[in-house]
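The values are calculated or read from the model by the stated rules, or taken from the named source; none is laboratory data. This structure is a prediction, so every number in the text was calculated from the model and none was measured. Every residue, glycine among them, receives a Cβ derived from its backbone with ideal geometry; neighbour counts consider all protein chains shown. Note: areas computed on protein heavy atoms with side chains; ligands, DNA, RNA excluded. Shrake-Rupley method; radii C 1.70, N 1.55, O 1.52, S 1.80 Å.
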Amino acid sequence: MTRKERYAYVIGYFEKNAPDAETELIYDNPYQLLVAVILSAQCTDKRVNLTTPAIFHRYPTAEKLSKATFDELFPLIRSISYPNNKTKHLIGMAKMLVENFKSNVPMTVAELITLPGVGRKTANVITSVIDEQPNMAVDTHVFRVSARIGLTLKATTPLAAEKQLVKFIPKNLIHKAHHWLILHGRYVCVARNPKCGECGIRKACKYFEKLKD
């Protein structure tokens, strides 16, 4: 199977079996999604979704959050990984939204990465989920799964993987492909003992091919 055929097989499978794939983070607006994605770094979406309701209740807008003190916000984030840094990042992010962007979440990667706690992955998530821009967020799941399947070759960094994926995935599907790969990695192609027996794309998977040898 050529690389082009592999991509076609994988995309075809997900278009048929997961046409409505979307983020598992719970949010109502761009501000809430930005808070949730910042909190989700090296933390499960499940834990984030348990944590954000109290934050959104107390700080429903960027303006409210920008006026929070560390001691006020930290208790609400205590159960999340790296709570000290994330508390500082959220307050700093909110202040910058108010001061530089009139409290609106910007919709370009270049602008988003100027915000505290926002790297390229987070910026790609925001722009692809909210605005369906053709940006591929590469987290640990996407990085692992795309390499295992053979969608990426010798990609040693998330950016390298991102560049390969956007090159081969049709532009109109890139915003959805992130969710296909992340959910597949979360529930089927898990880090340890991937569930190859129940995987619908194993026929196109280099990892499974090696298992048979």
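Side notes on the structure shown:
- Using a probe of 1.4 angstrom and keeping all protein chains present, the accessible surface of the chain works out to 53 square angstrom per residue.
- Pairwise centroid distance, computed over Cα atoms, of region 49-79 with region 136-177, Å: 33 Å
- Percent RCO, i.e. relative contact order, over region 115-179, from Cα pairs under 8 Å lying at least 6 residues apart: 35 percent
- Additional length obtainable on full extension of the chain from ALA8 to LEU159, 0.36 nm per residue less Cα span: 52.1 nm
- Full-extension gain in nm, ASN100 to THR140, via 0.36 nm per residue minus C-alpha separation: 11.3 nm
- When the C-alpha to C-alpha distance is required to be over 26 Å, the pairs from LYS4/LYS195; LYS46/LYS154; LYS67/LYS102; LYS4/LYS203 that qualify are LYS46/LYS154.
- Separation in nanometres of the label points that stand 7 Å from Cα toward Cβ, at GLN42 and ARG78: 2.1 nm
- The value of relative contact order for the chain, using C-alpha pairs under 8 Å at least six residues apart, is 20 percent.
- Apportionment of accessible area to carbon and sulfur, the chain, percent (1.4 Å): 53 percent
- Inter-probe distance in nm under a simple model that places probes 7 Å from Cα toward Cβ, at ASN172 and LYS67: 4.6 nm
- In order through region 63-72: 3J(HN,Hα) via Karplus (6.51 cos²θ - 1.76 cosθ + 1.60), integer Hz, x for Gly, Pro: 4, 5, 5, 5, 9, 6, 9, 4, 5, 7
- Trypsin sites (Lys or Arg not before Pro), loop per DSSP, at most 15 other Cβ atoms within 10 Å - longest free stretch of the chain: 1-66
- Label-point separation in nm, THR108 to LYS212, each point 7 Å along Cα→Cβ: 4.8 nm
- Along region 76-81 the Karplus relation, 6.51 cos²θ - 1.76 cosθ + 1.60 evaluated at θ = phi - 60°, assigns HN-Hα couplings of 7, 10, 3, 7, 8, 4 Hz to successive residues, with x for each Gly and Pro.
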